[in-house]
Amino acid sequence: MDSYIRFENVSKYYKMGEQLIIAIEKINFEIEKGEFVVIVGPSGAGKTTLLNILGGMDVCNEGQIWLDGEQISAYNKKQLTRYRRYDVGFVFQFYNLVQNLTAKENVELASEICRESLPAEQVLDQVGLKDRMQNFPAQLSGGEQQRVSIARALAKEPKILLCDEPTGALDYRTGKAILKLLQDTCRQTGKTVIVITHNSAITAMADRVIRVKNGTVSKVTLNKNPTPVEEIEW
Amino acid sequence: MVIKGDGVLKRTYLKSVLRSITGTIARFIAILVIVALGVGFLVGLMSSTPDMQYSVDRYYDENRMYDFRILSTLGLTADDVSVLRDTEGVQGVMPAVSEHVLFRSPEGDTLVGAVTGLDYTVLEGTGEDALNRTVLLEGRYPQQRGECLLLRSGVSLGLQVGDILTLSEENSDIMLREDSYRIVGIADTPYNFSIESETSSIGGGKVQITLYLGDDCFDADCYTDIFMTVDGASELNSFSDAYWELIQDKTFLIQEIGRERVTVRFEQLATQMREELEEQRRLAEEEFQKQEALLEDGRVQLEEERAALARAKEQLDANAALITALTEAVENGQLPEGSFSALIREYDEGVAAYTDGLEQLAAAEKELTEGEAALAASREEAQEKFEAAEEELVRQEIQLEDAKIQLEDSKLLLAQLKTQLDDNARLIEILEQLKEAFSRNDLASAWKVLEQLKEILGENSELVHLLESALTLGQALPERLEGILDLYYALQLQYEEGMTQVADTERQIAQGEAALQEGKMQLEEQRQAAETAFSQSEQELAAGREELTQNRTLLEETGVVLSENAESIEQLRPITEAGMDSAEDVRQTIDNYQQGQTEYDRGLVMLSESEAELENGRIRLEEAKRDAESEFTAAEKSFSDPSEHRWYVLDRNANVGYVSFESNSEKVDAICKVFPVFFFLIAVLVTLTTMTRMVDEERIQIGTLKALGYSDGRIMFKYLLYAAAASVIGCGIGLAVGIRLFPSVIWNAYSILYYQPEFYCRFLPEYAIGFSVALVAATLLATWLACRSTLSEVAAGLMQPKAPKIGKRIFLERIGFVWKHLSFTKKVTARNLFRYKKRLYMTVIGIMGCTALLVAGFGLRDSINYIIFGQFGEIMKYNVTVQTRHDNETNPHNDLFAILDNPEQIQDYLLVHQQMGTAVESDTDVYLVVPREMDRMEDFISLRTRVGKHSLMLEADGVIVSEKFASVAGLKVGSRFTLDDGNGTEAVVRITGITENYLNNYVYMTPDFYEKAFGQAPEYTTLFVKAAGGLEQQEQLSELFLKNEEVSSVTLTDWTKESFSNMIRSIDYIVLVLIVAAAALAVVVLYNLTNINIAERQKEIATIKVLGFYDREVGSYIFREISLLTLFGTLFGLVCGIALHGFVVQTVEMESVMFGRSISWLSFVYSAALTLLFSAIVDLFMYRKLKKISMVESLKAVD
């Protein structure tokens, strides 16, 4: 049986003037459904490009990307939008909440455009923000904002949850709490969660670790027994 | 854009500024454009009035427009001129002779002309004393008598070089010598550069053509005008206060001179006048005597006429009885047709014939009676004759009968004889045979025969016995037989003879019978012939009798007719004797008599008229004597008091062109002050929002610079430089375009009112620099404000992303049911609207300005359009105005009314008293209109209120005035004002109504009220005419009218309409400028706002794109806000537009014109549609930009 997510020889170039910059080259990996995946690598290794392409925000120049039997790499612009709309949940490093909407409204912003979304209250309860639902983002702490962001992503009931440095703008403790939330979500809902980070310490909690270096996958590790977040230190 | 900390700060700094500019070129251009618009509009419009005034002032100076114009009640002399020339501070002195006269154009139109006579060299504009110089457009200057120079205003009347103007016969007491003047040139002059014409006391009341010609064309002993310029005046702007101060000073000086000169002139004239007065008095005396003599002649003639009339009366009376009879006869139809004498003759002849007839009838009767008697006699005679003849015949018949009877007897005897003979014949034969037998002696035979005889005679007869015996005896024959034979023969002979005799007698009887028959027949014939002859005579007589009877009847009838006619004929006899031979003659006689009567009556009337006339003449003469006396006394008196005479020292305020141009250019100034305020405000707002955004964007950079040790001032300097660069370049562009464009457009718009000189667009530093500096300073201030708060933060804080502006709950959220029904994008829109108030104001004000400008522009067009459709369609329903020379009520002119009563050309007309008067308090020219028939007024002019359109009725004790006049004079219904009727009579009248009216000022009143107010009856010299057909037909009609001597002028409303259509064309320029300005305003504001909105929310947009919003959804998420603001702005703009339009219209209006106050709904639609179109264009443009936003932005840190 095919894997849930599969990258086959995926390459992406950017043209900067006359120079051709290779962002990623011939990347191959597979991810199974329900896995908590960490993609790790130093800055400029091509993590973000990978995320962009997997998240349907960008397209690759070569290779094929498969998700749940669909070839994402063959989608046109409109199909990509639909893909983002229904299949992908994003968690941004800087939360990207709409400042002018309350926590609940921010969640509803996403759920409103979906067909089968979860009620905002339920999702916010799930991420532990039951009491802060009516607050505006500016009235929330960073961790709380990130929880709203996660709730917004989860409310859409996506196939995969893509998290870009979810702890990058958070302090250690809060970061850990967010990671826990993500891991719990993965375990409880069976969603495929992909976390992109430069922090190698996090790899311990993943089911699958994909290491990226200079635009290629240097190593894919499978953890039989992932360490709970609480036990990880960095 | 991190600046490296090395040495060459300045260059790096500039580079950074330059990079900011190139990096945000759209933002830079936005500031630049709005500043350009602001400055262009502001400076352009602000300098319009100074430019216009400058251009006209320059025109004045170049052509040496007068500063003073002197008029005198005593005329001006060469001495006056030289005194003025010698006066200190006086520059040029130009004496002139001028007057208003009526001309006839080559087409025969009467034209009011203002004629000015100048020295030929002065006319050409040479020398310092040549003032109010003309600028030749065509042809040449006049060089001799009979030539003239026409001002351009005349060209529009169809006059051209080469045309000859003739003096109208109506002129009286004029100074011009020549009868006709050839136009040799056409020119403009600053003295008369307004299309608005001067008023005149002659003709239609307005000067139509202005002519310049040599002063030798005038027969004048003094000048009428002296024009002057003074030192230092030309250097000053004619519209400035400085100029007017100078003029004020000089006025006193000149008035002083005037007082002296008038005294001198007065003394001169007084002596001269007294002598002249004496002469005049003498002449008047002679004239009066002549008049008296004439009156006496008149009286004598009157007496003669009276006598003649008396004679006529006598004659009439003499004939009266006859005429009465005749009239009766005529009326009763008693008079036969045909010649009376013939009738009488006929009658007399008839009577004679009747008498003759009677005589003849008697004669005929007698003759007839005699005839009858004769006939009876002859008939008797004939009868007798016939009876005699008959008797004879009868006798003959009897004889004949007798003969017949005898004959019958003879015959009978004969028959008996015959029978005997016949019976004896056998015996005789046997006897004979016996004799024979005896004679021969044959006795055997004799016995045989005797046997036969015995059979016949029987055996016993004696003879037989004798014979037997004889024979037996043989004796000879017995004698007895012989004797028997003889006897028998004798008897036979006798019988024969008897038979012959019978035959003869028979024959005689037959002859007698035939003769009798013939006699009878003859008698019968004779009797018949006689009978025929008698009956013929009888018939003839009967016919004669009948004829006679008929003749008698006829004659009797004739007699009756004659006797019947006798009376009328007898009646005719005297008429014929009176010399009338027919009914026609009689009627003629009656007519003649009646005519004589009428003539006599008329004569009587005429006589009494003549008497009255004579009496009037006598009274007039008396009056004239008195008048002359008082005139002479007055004249004497007038020359006894020099203080009544003075100089009138007029300045340019007495010049129509100057005054109207000054007021119009000031109106422009008023408008120009409103419009640019918008732009100024918007420019500052745009700069403020733009720079705030820029500073926000570069927050981290500012923090970095601050951390690197740059001072606040230096950091801020970059943004100030940026703003300064944009606004200075904007000012440059705005000035370059605005200074030329706007003044020129406005100048052109006024070309419909003036014959304008060359226009000079100047760079006016006080405006150009002043406003530029002000706007640049304002943008810099806005920039400073934008930087200030950011710069006050510490460097570390700045390095941090700016704390996001807290989301706020808005009022709308409290209304739960509304809020819950809004979608998120709508919620965001609602919150954003109130979150960024600066942008809200900017957009709403900008869009509002845009819409308001459009509404004002289109509305202005509507307003002028309404002058045409409202004034000439709804209010003035007539299309031709005819001015006549005399009152049409008391003195109707038949030929004129023949035209007017032709229904093919004229639908209807109204007699009106129309006169140019003045409202004294406000010094407003008004037309006094007094319709003759009040009830037909509304068919020609609709009097109604503008608001509500309630129709107004003229009341007996007040006037209705036009709206514009009421507002200019500040009058309301119920107010009173003093009205001068144009002839110097004043009356205070009360306003009972204010009527909608757009062109000219009118005061309407009833004839009775007019008479009450001004003490004289209205003179209906004006006709409002509704002509049929189009312009061409109306122009033909106009020509027809003008051919009539009674008509002095004809005006077609279509001509006026046309001039307003031209005005609309020039207003279209202004509307176009407004549309372009509005478009620029809308585009700049919306573009800028959207640009900022998008830039600021780039990350948000990227995020929602990542969340899977389609492009369309993203677009509506962003644009809904702007669209909503645009909609609000448009709505406010429509409302503000009405106000702006109202202001503009009232400012632009001239004194005698009221623009329409309402804006058509279509203009609102256009304005809103254009605004929305501009907004849509911006949105479309920005949509493309929106699509280009990369989702990768969402991954970036907060900027």
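Determine whether B:Glu525 is closer than 22 Å to B:Glu397 by Cβ and surrounded by 16 or more Cβ atoms within 10 Å (Cβ to Cβ).
Values: closer than 22 Å to B:Glu397 by Cβ: yes; surrounded by 16 or more Cβ atoms within 10 Å (Cβ to Cβ): no.
Taking the combined requirement at face value, the residue does not satisfy it.
Among the residues of the stretch B:271-302, what is the count of those that are of a type in the set (Gly, Ala, Ser) and touching a Ser or Thr at 6+ places or on another chain (Cβ under 8 Å)?
Residues meeting the conditions: 1.
Looking at B:Asp641, B:Asp627, B:Asp696, B:Asp651, which one is touching a strand residue (DSSP E or B) at 6+ places or on another chain (Cβ under 7 Å) and acidic (Asp, Glu)?
That would be B:Asp651, the only listed residue that is touching a strand residue (DSSP E or B) at 6+ places or on another chain (Cβ under 7 Å) and acidic (Asp, Glu).
Suppose the filter is facing another protein chain (nearest Cβ under 7 Å) and more than 19 Å from A:Gly56 (Cα to Cα); does A:Glu108 pass it?
Against the criterion (facing another protein chain (nearest Cβ under 7 Å) and more than 19 Å from A:Gly56 (Cα to Cα)), A:Glu108 qualifies.
Regarding the stretch B:229-241, can at least one residue be identified that is part of a helix (DSSP H, G or I), over 52 Å from the mean Cα position of the chain (by Cα) and closer than 30 Å to B:Asp80 by Cα?
Looking for residues that are part of a helix (DSSP H, G or I), over 52 Å from the mean Cα position of the chain (by Cα) and closer than 30 Å to B:Asp80 by Cα, one finds at least one in the stretch B:229-241, hence yes.
Which numbered condition trips up A:Asp164, out of (1) touching a Leu at 6+ places or on another chain (Cβ under 6 Å); (2) more than 13 Å from chain B (Cβ to nearest Cβ); (3) crowded, with 22+ Cβ neighbours inside 10 Å?
Failing condition for A:Asp164: (2).
Against the definition (of a type outside the set (Phe, Trp, Tyr), in contact with a strand residue (DSSP E or B) (Cβ under 8 Å, 6 or more places away or on another chain) and without any contact (Cβ under 8 Å) to a residue 60 or more places away in the chain), how does B:Ile195 come out, yes or no?
So B:Ile195 does not fit the description; no.
Would the stretch B:777-791 turn up any residue that is part of a helix (DSSP H, G or I) and either of a type in the set (D, E, K, R) or at pLDDT below 75 (or both)?
Yes, some residue in the stretch B:777-791 is part of a helix (DSSP H, G or I) and either of a type in the set (D, E, K, R) or at pLDDT below 75 (or both).
Within the stretch B:1082-1199, considering only helices (runs of 4 or more DSSP H) that don't extend past its boundaries, which have at least 3 residues that are at positive phi?
Of the helices (runs of 4 or more DSSP H) lying wholly inside the stretch B:1082-1199, none has at least 3 residues that are at positive phi.
What number of residues within the stretch B:959-976 are assigned to a strand (DSSP E or B) and within 37 Å of the chain's Cα centre (by Cα)? Spell out the reasoning first.
Taking the stretch B:959-976 as the starting set, the residues that turn out to be assigned to a strand (DSSP E or B) are B:959-962, B:976.
Then drop every residue that is not within 37 Å of the chain's Cα centre (by Cα), which leaves B:959-962.
Total meeting the criteria: 4.
Does the stretch B:1139-1147 include one or more residues that are over 16 Å from B:Val1071 (Cα atoms), at pLDDT 80 or above and either within 14 Å of chain A (Cβ to nearest Cβ) or out of contact with any Lys or Arg (no Cβ under 7 Å at 6 or more places or on another chain) (or both)?
yes
Of all residues in the stretch B:1068-1120, which are within 20 Å of A:Ile113 (Cα to Cα), more than 10 Å from chain A (Cβ to nearest Cβ) and among the charged types (D, E, K, R)?
B:Arg1112, B:Arg1120
Could you tell me whether A:Ala103 is more than 8 Å from chain B (Cβ to nearest Cβ), small (Gly, Ala, Ser), more than 18 Å from the chain's Cα centre (by Cα) and closer than 26 Å to B:Ile1118 by Cβ?
In short, yes.
Restricting to the stretch B:44-61, what's the tally of residues that are in contact with a Pro (Cβ under 8 Å, 6 or more places away or on another chain) and either aliphatic (A, V, I, L, M) or more than 21 Å from B:Ile729 (Cβ to Cβ) (or both)?
Residues in the stretch B:44-61 being in contact with a Pro (Cβ under 8 Å, 6 or more places away or on another chain) and either aliphatic (A, V, I, L, M) or more than 21 Å from B:Ile729 (Cβ to Cβ) (or both): 10 in total.
Quick one: count up the residues across the stretch A:66-82 that are touching a residue at least 12 places away in the same chain (Cβ under 8 Å) and polar (S, T, N, Q).
2
Kindly check whether there is at least one residue in the stretch A:129-143 that is of a type outside the set (Ser, Thr, Tyr), more than 14 Å from chain B (Cβ to nearest Cβ) and surrounded by 14 or more Cβ atoms within 10 Å (Cβ to Cβ).
Checking the stretch A:129-143: at least one residue is of a type outside the set (Ser, Thr, Tyr), more than 14 Å from chain B (Cβ to nearest Cβ) and surrounded by 14 or more Cβ atoms within 10 Å (Cβ to Cβ).
Determine, yes or no, whether B:Thr1126 is at pLDDT 85 or above, away from chain A (no Cβ under 14 Å), in contact with a helix residue (DSSP H, G or I) (Cβ under 7 Å, 6 or more places away or on another chain) and buried (at least 23 other Cβ atoms within 10 Å of the Cβ).
Criteria met by B:Thr1126.
Scan the stretch B:480-522 for residues that are crowded, with 16+ Cβ neighbours inside 10 Å and hydroxyl-bearing (Ser, Thr, Tyr) and jot them down.
Across the stretch B:480-522, the qualifying residues are B:Tyr488, B:Tyr495, B:Thr505.
If B:Asn592 passes every condition in (1) within 30 Å of B:Arg306 (Cβ to Cβ); (2) at pLDDT 85 or above but one, which one does it miss?
Unmet condition: (2).
Here is a list of conditions, (1) under 14 Å from the mean Cα position of the chain (by Cα); (2) more than 11 Å from chain B (Cβ to nearest Cβ); (3) assigned to a helix (DSSP H, G or I), and A:Ser73 meets all of them except one; can you say which number that is?
(1)
Look through the stretch B:636-649, keep the residues that are modelled with pLDDT of 75 or more and surrounded by 15 or more Cβ atoms within 10 Å (Cβ to Cβ), and return whichever of them is farthest from B:Arg259 (Cα to Cα).
Within the stretch B:636-649, the subset modelled with pLDDT of 75 or more is B:645-649.
Remaining after also requiring surrounded by 15 or more Cβ atoms within 10 Å (Cβ to Cβ): B:645-647, B:649.
Numbers: B:His645: 9, B:Arg646: 7, B:Trp647: 7, B:Val649: 11 Å.
Only one residue fits best here, namely B:Val649.
For the structure I just gave you, tell me whether A:Lys33 is among the basic types (Lys, Arg) and more than 12 Å from chain B (Cβ to nearest Cβ).
yes
What is the residue count in the stretch B:1088-1121 for residues that are buried (at least 23 other Cβ atoms within 10 Å of the Cβ) and more than 19 Å from A:Leu101 (Cβ to Cβ)?
Of the residues in the stretch B:1088-1121, 4 are buried (at least 23 other Cβ atoms within 10 Å of the Cβ) and more than 19 Å from A:Leu101 (Cβ to Cβ).
Under the condition of being in a strand (DSSP E or B) and of a type in the set (S, T, N, Q), which residue from the stretch B:875-925 is surrounded by the fewest Cβ atoms within 10 Å (Cβ to Cβ)?
B:Gln907
Counting only residues that are among the basic types (Lys, Arg) and surrounded by fewer than 21 Cβ atoms within 10 Å (Cβ to Cβ), which one in the stretch B:828-858 is farthest from the other protein chains (Cβ to nearest Cβ)?
Among those that are among the basic types (Lys, Arg) and surrounded by fewer than 21 Cβ atoms within 10 Å (Cβ to Cβ), it is B:Lys838.
Exactly one of these conditions fails for A:Leu170: (1) surrounded by fewer than 23 Cβ atoms within 10 Å (Cβ to Cβ); (2) modelled with pLDDT of 85 or more; (3) of a type outside the set (Asp, Glu). Give me its number.
(2)
Search the stretch B:588-615 for residues that are within 20 Å of B:Ala329 (Cα to Cα) and pair each with any residue that is among the polar types (S, T, N, Q) when their beta-carbon atoms are under 7 Å apart and the residues are at least 6 apart or on different chains.
So the pair list comes out as B:Ile590/B:Thr327; B:Tyr593/B:Asn319.
Please pick out the residue among A:Gly55, A:Gly41, A:Gly63 that is touching a residue at least 60 places away in the same chain (Cβ under 8 Å) and more than 9 Å from every other protein chain (Cβ to nearest Cβ).
Just one listed residue meets the conditions, A:Gly41.
The values are calculated or read from the model by the stated rules, or taken from the named source; none is laboratory data. Bear in mind the structure is a predicted one, so any value in this text is a computation, not a measurement. We place every Cβ from the backbone using ideal geometry, glycine too, and count neighbours over all the protein chains shown.
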